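**Q** The structure's right below; bear with me while I get my questions together.
The values are calculated or read from the model by the stated rules, or taken from the named source; none is laboratory data. Here the structure is a predicted model, which is why all the values come from computation and not from measurement. Virtual Cβ from ideal backbone geometry, glycine too; neighbours counted across all protein chains shown. Side chains included, ligands, DNA and RNA excluded: accessible areas come from the protein's heavy atoms. Shrake-Rupley method; radii C 1.70, N 1.55, O 1.52, S 1.80 Å.
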Amino acid sequence: MDQEQALWQPSSDRIANSPLSRFEAFIGDRVGYPSGRPFEGYLDLHRWSVTEPDEFWQCVWDFTDVRASRDADNVLADGDRFPGARWFDGARLNYAENLLDRQLDGVALIGRLENGERREVSWSELHRQVALTAAALRESGVQKGDRVAGMLPNVPETVIAMLATASIGALWSSCSPDFGVSGVLDRFGQIQPKVLIACDGYYYNGKAIDCSAKIAEVASRLSPAATVVVPLLDVPVAKTVSWPAYLKAQQTPSGSAPELQFEQLPFDHPLFIMYSSGTTGAPKCIVHSAGGTLLQHLKEHQLHGGLAPGDVLFYFTTCGWMMWNWMVGGLASGVTLVLYDGSPFYPGPETLFDIADEDGINVFGVGAKYISALEKQGLKPAKTHKLKTLRTVLSTGSPLSHESFRYIYRDVKKDVCLSSISGGTDIISCFVLGNECLPVYEGELQCPGLGMAVEVWDEQGKPVTGAKGEMVCVKPFPSAPVGFWNDPDGKRYHDAYFASYDGIWAHGDYAEITSSGGMIIHGRSDAVLNPGGVRIGTAEIYRQVEKIDAVMDSVCIGQNWDDDVRVVLFVVLKEGETLTEELATEIRLAIRKENTPRHVPAKILAVTDIPRTRSGKIAEIPVRKVVNGETIDNTESLANPESLSQFKNRPELES
C-alpha cells in the first residue's frame with residue numbers, strides 16, 4: 001500500500017523514542033543482527049523473531065528485566081512439539097513479584113465507579129494490601145496449586161486479591177458479578193476454589209445491583225473454606241467475612257503488614273484459569289502459566305503498545321474477559337492502571353473520555369462495538385475534550401469497521417495510533433496487534449505479534465497472502481495454555497486447537513494477510529457463511545451495514561434452505577425507524593456495492609436486540625441454531641439470552 005493511503009503515520013521522533021527501537025538496538029548489542037546490519041523494517045524483525053525463537057525470547061526476557069531467582073537452563077526444549085514445547089526450563093520466578101517489585105513511587109491503581117467514586121492506590125499501599133491479603137489467604141488454608149475465585153467488578157480489590165493469590169502460587173480465576181448463579185457455577189464449580197471472594201453488589205447504568213442473595217447461593221453450592229465479601233454497597237451477607245475484617249486480622253499491633261513472601265515457581269506453573277465463552281456447551285477451563293503470561297504481556301505492552309514506567313493504561317473490561325488480565329499485567333511495565341466499573345454510557349457517552357482527560361490516559365482500550373456506538377450517537381470528543389496525553393487507542397472484541405477507523409481520526413484525535421488487536425482467551429494475548437512505529441491502514445490490524453508465527457492457509461493447507469483463509473500459528477509460543485482443567489490426557493485441549501492440522505494451532509479466525517504485512521479479520525471460521533459453496537466472512541457484511549445510518553446493530557447468519565444455505569440479516573434500528581422496503585433495498589445495495597451477489601441477504605428482518613456474550617461479542621452461533629431449529633446447550637454465557645426469543649419461529653423465514 002502507498003503511504004498516501006495510510007490514515008496515520010508515526011513521526012520520526014516517536015519511532016526513535018519507542019521501546020521497540022530501543023529493543024532493536026538491544027538485539028544488535030546482545031546477539032548481533034542476523035545480517036550484520038539493522039533490521040530492514042518490522043517484517044524483517046518479525047521474521048527473525050520466529051526463526052530464532054531462543055534468541056528472541058531471551059532478548060525479551062532481558063530487555064524487559066524479568067525478575068527471577070534462577071535463570072533458565074535453556075529457553076526452548078522440544079520446540080518441534082506443539083503442543084508439548086517447554087519454555088525456560090529451570091527458571092524460578094513469581095508473577096506477583098514481577099508486577100509489584102518495580103520500586104516505584106506514585107500511583108499504581110486508579111479505581112473509578114460510574115457513581116463518580118474515585119480512589120487512588122499507591123505502589124507502596126498496593127504492596128501492603130497484597131501482603132495482608134496473602135497472609136489472610138494462607139490462614140484460610142490456601143497453598144500452592146489451590147484455586148481462589150473472584151466474582152468481582154473491576155475494582156482495586158480484584159487486582160489485590162489476584163496478586164495475593166499469585167504470590168502464594170495458587171491459581172486465580174474470576175468472573176464478573178453480572179453472571180447468573182448457573183453461569184458462575186458452570187465455571188467455578190469445575191475448579192473447586194478454596195476461597196471465594198465476591199462483592200455485595202455493583203453499579204450499572206445508574207442502578208445499584210444487589211448480589212447478596214447470589215453470593216449466598218453460590219457459596220452454599222461451592223462450600224469454600226472462606227467466603228470474603230467486598231462491601232461496595234454495604235449490604236450484609238450471612239456466613240461471610242467482610243474484606244476489611246479479613247485483612248485487618250493480619251495486621252500487626254502497630255498496623256503494619258506481615259512480610260510478603262513470593263513463592264519461587266517454574267516458568268510453566270499455572271497462574272490463571274480462564275473460560276471459553278460456553279456458547280456451545282459448558283465453558284472450557286483454560287489454564288495459563290505464570291511465565292508465559294508475564295513474558296507475553298511484557299512484550300505486547302512495551303514493544304507493541306509503547307508503554308513505559310509512569311504511563312497510564314486503561315481498558316474498558318470486566319473481570320470475566322481476558323482483557324482484564326492483559327491490562328493488569330501492565331503493572332510489570334511500571335504503568336498506572338485506570339480501573340473503571342459500570343456502563344461506559346452512564347451518565348452519558350462522553351464518560352470514558354472525561355476519565356481519559358482527568359486521569360491523563362496514554363493508552364485507551366475499548367471494544368469495537370463501543371467505537372461504533374459512539375459514532376452512531378454523534379459524539380465528537382475532538383471538539384469536546386482535550387485528550388492531550390492520549391497517544392494510542394486499542395480496539396478488540398470484534399473486527400473494527402472501516403467506518404470506525406475513519407471516525408477515530410475524524411472525530412476523536414488525528415495524531416493517535418489506532419491499533420485493532422486480535423487474539424483471545426485461548427492465548428491470553430494477541431496473534432495480531434498494533435505497533436506505534438508502523439502506519440495505520442483503514443480496516444487493517446497493523447502486524448503479527450513478534451515471536452508469533454502467524455500465517456493464513458487456504459483450503460489446501462498452503463500459506464497465502466492477499467486471499468482469505470484460516471489463521472494459524474505454525475510454531476510454539478510461550479503463552480499457549482499449559483492445558484485444560486480436568487483434561488488429564490490432553491484430548492480436549494488437542495481437539496480445540498490442533499485437530500485441523502497436526503502440530504499447528506488453528507485459531508478459528510477467517511482472515512487475510514495484506515500487502516502491507518497487516519491483516520484483515522473477516523469473522524470467526526465457525527460463523528462463516530457458505531451460500532452456494534462460497535465462503536463469506538460475516539465481518540464483510542457488517543462493514544457495509546454499519547454505514548447505514550438507520551441501523552444501530554446487526555447479526556448475520558446462514559439459514560439451511562433447499563439443500564443449501566441462504567444469508568439472513570437481522571437489524572436493530574434507531575428509535576423511530578422502521579424496516580421499510582426502501583430501507584431493506586438500501587441495505588442490500590450497500591452490501592452488493594462492495595461485495596458480491598452471494599453476500600446480499602435473502603432475508604432482512606428487524607429485531608430489538610442482538611444477543612452478545614458477556615464480553616460484548618456478537619453471538620452468531622446461538623442465533624443460527626435458533627433459526628435452524630437446533631438446540632442451544634448453554635445460554636448462561638450470554639449477557640442477554642432473552643433476546644434469542646425474537647429469532648425463533650419467524651414466519652418470514654418459512655418461505
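**Q** Could you list the residues of region 594-627 with an amide nitrogen less than 15 Å from a label point located 7 Å from the Cα of residue 547 in the Cα-to-C-beta direction?
**A** Only 594-597, 599-601 fall inside the zone, counting backbone N under 15 Å.
**Q** Here is a follow-up. Quick check on my link table: of 299/388; 284/648; 369/475, which ones sit more than 30 Å apart, alpha carbon to alpha carbon?
**A** 369/475
**Q** Another question, then. If the chain between residue 354 and residue 652 were fully stretched, how many nm would it gain, using 0.36 nm times the residue separation less the Cα-Cα distance?
**A** Gain on extension, residue 354 to residue 652, equals 102.8 nm.
**Q** With each pseudo-label sitting 7 Å past Cα toward Cβ, what's the residue 495-residue 259 distance in nm, one decimal?
**A** According to this spin-label approximation, the distance is 4.9 nm.
**Q** Let me ask you something else. Zone of residue 69 (label point 7 Å along Cα→Cβ, backbone N under 18 Å): which residues in region 120-156?
**A** Hits in region 120-156 for residue 69 at 18 Å: 131, 134-135, 138, 143-146.
**Q** Still on this structure: Determine the per residue accessible area of region 251-362 with all protein chains present and a 1.4 angstrom probe, expressed in square angstrom.
**A** 26
**Q** Related question: Ignoring the sites themselves, what is the longest stretch of the chain with no trypsin sites (Lys or Arg not before Pro) in a DSSP loop and at most 14 other beta-carbon atoms within 10 Å? Don't skip to the end; give the middle numbers.
**A** Details: sites that count: 81, 144, 239, 386, 388, 414, 574, 648.
Between exposed loop sites, the widest span is 415-573.
**Q** Additional query: Pull out the extension gain between residue 514 and residue 580, defined as 0.36 nm times the separation in residues minus the alpha carbon to alpha carbon distance; nm, one decimal.
**A** That works out to 20.0 nm of additional length.
**Q** In addition: Report the extension gain between residue 15 and residue 29 in nm, rounded to one decimal, defined as 0.36 nm multiplied by the number of residues separating them, less their alpha carbon distance.
**A** 3.1 nm
**Q** Compute the distance in nm between two label points, each set 7 Å from the Cα along the Cα-to-Cβ direction, one at residue 467 and one at residue 251.
**A** With each label point 7 Å from Cα toward Cβ, the separation is 6.8 nm.
**Q** Using a 1.4 Å probe and counting only protein heavy atoms, arrange 471, 552 so the residue with the most accessible area comes first. Walk me through the intermediate numbers first.
**A** Working: 471 0, 552 65 Å².
Heavy-atom accessible area, descending, gives 552, 471.
**Q** Provide the net charge surrounding residue 50, with neighbours chosen by a C-beta distance below 12 Å and charges set as Lys +1, Arg +1, Asp -1, Glu -1. Kindly include the intermediate steps, with their values, before the conclusion.
**A** On the way: positive: 47, 475; negative: 44, 52, 54, 55, 455.
Local net charge: -3.
**Q** Measure off 7 Å from each Cα along the Cα-to-Cβ vector at residue 239 and residue 386, then give the distance between these two points in nanometres to one decimal.
**A** Between residue 239 and residue 386, the label points sit 5.3 nm apart.
**Q** On the protein heavy atoms, probe 1.4 angstrom, tell me the percent of accessible surface of the chain carried by carbon and sulfur.
**A** It is 47 percent, rounded to a whole number.
**Q** Could you give the distance between the Cα centres of region 40-87 and region 328-369, to the whole Å?
**A** Region 40-87 and region 328-369 have Cα centres separated by 32 Å.
**Q** Remind me, relative contact order of region 430-580 in percent, using alpha carbon pairs under 8 angstrom and six or more residues apart? Each step should come with its number before you reach the end.
**A** On the way: 257 pairs, mean separation 23.6, N = 151.
In percent, rounded to a whole number, it is 16.
**Q** Filter the chain for me: DSSP H helices, axial length by Cα at least 18 angstrom, mean Kyte-Doolittle hydropathy not below -1.0. List them by residue number. Working shown, then result.
**A** Numbers: long enough: 123-139 (24 Å, -0.14); 156-168 (19 Å, 1.31); 581-594 (20 Å, -0.53).
Qualifying helices: 123-139, 156-168, 581-594.
**Q** Here is a follow-up. Give me the net charge for the shell around residue 464: Cβ to Cβ below 12 angstrom, other residues only, Lys and Arg +1, Asp and Glu -1. Present the calculation step by step, with values, prior to reporting the outcome.
**A** Values: positive: 462, 468; negative: 455, 458, 459, 470, 512.
My count for the surroundings of residue 464 gives -3.
**Q** Between exposed GluC sites (Glu not before Pro) in the chain, where DSSP calls loop and at most 11 other Cβ atoms lie within 10 Å, what's the longest gap?
**A** With GluC sites (Glu not before Pro) excluded where exposed in loops, the chain gives 41-258 as its longest stretch.
**Q** Can you give the percent of C-alpha pairs in the chain whose distance is more than 44 Å?
**A** Cα-Cα pairs of the chain separated by over 44 Å account for 18 percent.
**Q** While we're here: Ignoring everything but the protein chains, give the 1.4 Å probe accessible area of residue 465 in square angstrom, nearest 10.
**A** 100
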